[in-house]
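The values are calculated or read from the model by the stated rules, or taken from the named source; none is laboratory data. Bear in mind the structure is a predicted one, so any value in this text is a computation, not a measurement. In this analysis, Cβ positions are derived from the backbone assuming ideal geometry, glycine residues included, and neighbour counts consider all displayed protein chains.
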């Protein structure tokens, strides 16, 4: 199979099969290019860690169309997320203990985002499962921000490239956590200026 696939609705079934088969995707999120994989495929997660030289105990971001499927939300968190998503902002939340049991089981919290990118949201709805995502880089180095550069540096038989035009501005997402029904900014980045009632 050609390892370059154009991002289109017509190709959603192909992308889904690749994820189910344990392949790694280079996929443009609503912020930056990311390595993506089926969240419950431990071999695929390990492959991304190997490609990035990333510590094994450091979880990835989860992209989903519905955070409540995988995270426990109190009323404050649920209303805040409902009023502020989709957005280029990642939320640190308590995980649902009966979901994603093999995904970094020693971590009580998940980093989850409903991406502010309609076609990517369409893909997530088609998949019906969340996908893991991590910036395309060697851990600790700057992320790669052009498709051509990524193809040159990460040519691997298990990596499939979902082709799109490079966005003009690429900024990592903001990261938000909740503490006693208060919003706590962990990292300032994309999406922070769009949050209501901060």
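List of remarks:
- All of 185, 195 fail the test of being without any contact (Cβ under 8 Å) to a residue 60 or more places away in the chain, surrounded by fewer than 18 Cβ atoms within 10 Å (Cβ to Cβ) and in contact with a helix residue (DSSP H, G or I) (Cβ under 8 Å, 6 or more places away or on another chain), apart from 185.
- Residue among 196, 184 that is more than 21 Å from residue 51 (Cα to Cα) and modelled with pLDDT under 95: 196
- A search for C-beta distances below 7 Å between a residue of region 7-23 that is over 20 Å from residue 118 (Cβ atoms) and any residue that is surrounded by 16 or more Cβ atoms within 10 Å (Cβ to Cβ) and modelled with pLDDT under 95, counting only pairs 6+ apart in sequence or on different chains, returns 23/158.
- Flag if residue 138 is in contact with a helix residue (DSSP H, G or I) (Cβ under 7 Å, 6 or more places away or on another chain) and crowded, with 18+ Cβ neighbours inside 10 Å: no
- Cβ-Cβ distances below 6 Å connect the following pairs, each with a first residue in region 34-51 that is over 17 Å from residue 16 (Cβ atoms), a second residue that is in a loop (DSSP other than H, G, I, E, B) and modelled with pLDDT under 95, and a separation of six or more residues or different chains: 42/102; 47/158; 49/56.
- Residue within region 100-116 that is under 15 Å from residue 170 (Cα atoms), modelled with pLDDT of 95 or more and in contact with a strand residue (DSSP E or B) (Cβ under 8 Å, 6 or more places away or on another chain) present: yes
- Count - residues of region 150-198 that are in a strand (DSSP E or B) and under 20 Å from the mean Cα position of the chain (by Cα): 15
- Members of region 121-142 that are within 23 Å of residue 95 (Cβ to Cβ), assigned to a loop (DSSP other than H, G, I, E, B) and touching a strand residue (DSSP E or B) at 6+ places or on another chain (Cβ under 8 Å): 129, 130
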